[in-house]
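Some notes on the structure that comes next.
The values are calculated or read from the model by the stated rules, or taken from the named source; none is laboratory data. Remember, predicted model here, so these are calculated numbers, not experimental data. Using ideal geometry, Cβ is built from the backbone for each residue, glycine included, and neighbour counts are taken over all protein chains shown. Heavy atoms of the whole protein, side chains included, go into the accessibility calculation; ligands, DNA and RNA do not. Shrake-Rupley method; radii C 1.70, N 1.55, O 1.52, S 1.80 Å.
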Amino acid sequence: MKSLLIINAGSSSLKFAVFNLPLTQDAPSVYRGQIDGIGANTQFVAKDLDGKVLLETTIKSPDGASLEDQQQLALEKLLVWIEDQHIELAAVGHRVLHGGKKYSAPVVISPEVLAVLETFVPLGPLHQPHNLRPVYALAKKYPSLPQVACFDTAFHRTQPWQSEVYPIPRKFTEEGVIRYGFHGSSYDYISRQLESVLGKQIGNGGVVIAHMGNGASMAALREKKCVATSMGFTAAEGLMMGTRTGNIDPGVLLYLMDKHGYTAEDLTRFIYKESGLLGVSGISQDMRTLEASDKPEAREALELFCYRAARQIGSLMVATAGLDALVFTGGIGENSQFVRNRVCELMAWAGVKLDPELNKIRGKALCIQAADSKVAVAVIPTNEEWMIAHHTTTLLGLN
Ligand code: AMP
């Protein structure tokens, strides 16, 4: 039997999933796992279909190995483990951060494509080089193995120019400083579930999808196509997140530079690592921990998270010209009754009303609005790996 390997490689982690072919709708991965702590204490965990741990081990790197060497070693360990399972790979699908303005759909990777993807490194220096590294390593080891790139940005390329352009000097817009948006594979997957969960008419109407996990964003859809999204040039814009600021007055950054001598590195840490739920609560970036805490700082972090989410929905409703449905997904969106309830309370003015019993749902797609709600509300679990597997099989004609 032939299989697909799906890879989501970051700087210090490599998540993977293996799907058997033929790939059926919503088929679960037969194996999944991750290699974490690359560059420090590298841990490799692999699980089977039922979540049973098959392997849990530490990967030891030679002393003085560079981050790049350690990433390479992590991939090699994964490939050896895959061979040990007698998995025969038909193709590999990669989650790649940036497709720039050029790619509005997944693409089969060739040397020419790779050269173009390299030019997007300045747009996503924290992710793009790490996303591409396994592509080179696999191409070297298995030159005839087809590889496909699925971009976080691709889904949003249908945005009208008003949603995409910043009010900045034109020369920077032309250089590519525009609002790309991210979490594309998740929105792509959810957009394909809308009709079956919400019905044809509502599914094709004005829909706001809230992908709320550790990273959080929203997308506004009409006819299942993106018309606006909350993330922009980077994944720092928009919603308050686990550790990211979301929207913030750029004047705050200038103030930190002037008053506290913040360097670009300090600002990067401030924007991406020290703010959000963690910064406001001073306790944790994890929604479960904050929900369980009775400290006032935790309550404030939760309220700010929900309030800013509702403000974002209000803004996206301009792009959709009204709201027919609100969809929650991602670790928080799929699991947190509290967040769904509070966001919907704050959207009551727009006719959004939840059914408290239905809101208890976890782990499956369901409409959870009250009978007298003017807006449909749904929970739809996302499945980014399956989406990448689907594109990989479709593009390569493997099914
Ligand atoms: P993700 O990045 O999509 O994996 O989502 C991670 C976030 O989902 C973390 O903030 C978790 O605390 C949150 N999360 C996961 N399960 C739950 C739950 N049962 N209730 C509330 N939040 C949850």
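Of note:
- About its Cα centre, the chain has a charge dipole of approximately 680 debye under the convention of +1 per Lys or Arg Cβ and -1 per Asp or Glu Cβ, with nothing else charged.
- The length gained by stretching the chain between residue 110 and residue 86 to full extension, at 0.36 nm per residue less their Cα-Cα distance, is 6.0 nm.
- For residue 77, the aspartates and glutamates whose Cα comes closer than 15 Å to its Cα, not counting residues fewer than 8 places off in the same chain, are 36, 56, 68, 69.
- Selected from 51, 39, 332, residue furthest toward positive end of dipole (the chain; charges at beta carbon): 332
- With both residues required to sit in the chain, DSSP beta bridges show an antiparallel share near 65%.
- Per residue, the solvent-accessible area of the chain (1.4 Å probe, heavy atoms of protein chains only, all protein chains present) comes to 46 Å².
- Within the accessible area of the chain, the carbon and sulfur atoms contribute 53%, probe 1.4 Å, all protein chains present.
- Computed from the C-beta positions of residue 273 and residue 1, the FRET efficiency with R₀ = 41 Å rounds to 0.45.
- Over the chain: helical MRE at 222 nm, DSSP H runs n ≥ 4 each giving -39500 (n - 2.57), nearest 500: -11500 deg cm²/dmol
- Size descriptor for segment 312-361, Kirkwood hydrodynamic radius: 11.6 Å (Cα pairs only, one decimal).
- Distance cut-off 16 Å, percentage of C-alpha pairs in segment 28-118 lying past it: 65
- 15 Å beta-carbon shell around residue 6, net charge (K/R +1, D/E -1): 0
- Largest accessible area first, the listed residues 189, 31, 136 line up as 136, 31, 189 when surface is computed with a 1.4 Å probe on the assembled protein chains.
- GNM result for the chain, Cα springs below 10 Å: residue of 340, 269, 157 fluctuating most strongly: 269
- Applying 1/(1 + (r/R0)^6) with r as the Cβ-Cβ distance of residue 140 and residue 174 and R0 = 35 angstrom yields a FRET efficiency of 0.45.
- For segment 10-69, radius of gyration divided by Kirkwood radius, i.e. Rg to Rh on alpha-carbons: 1.09
- Three principal axis lengths of segment 103-204 [C-alpha, angstrom, descending]: 48, 42, 21
- When the chain is reduced to its Cα atoms, the Kirkwood hydrodynamic radius in Å: 22.1
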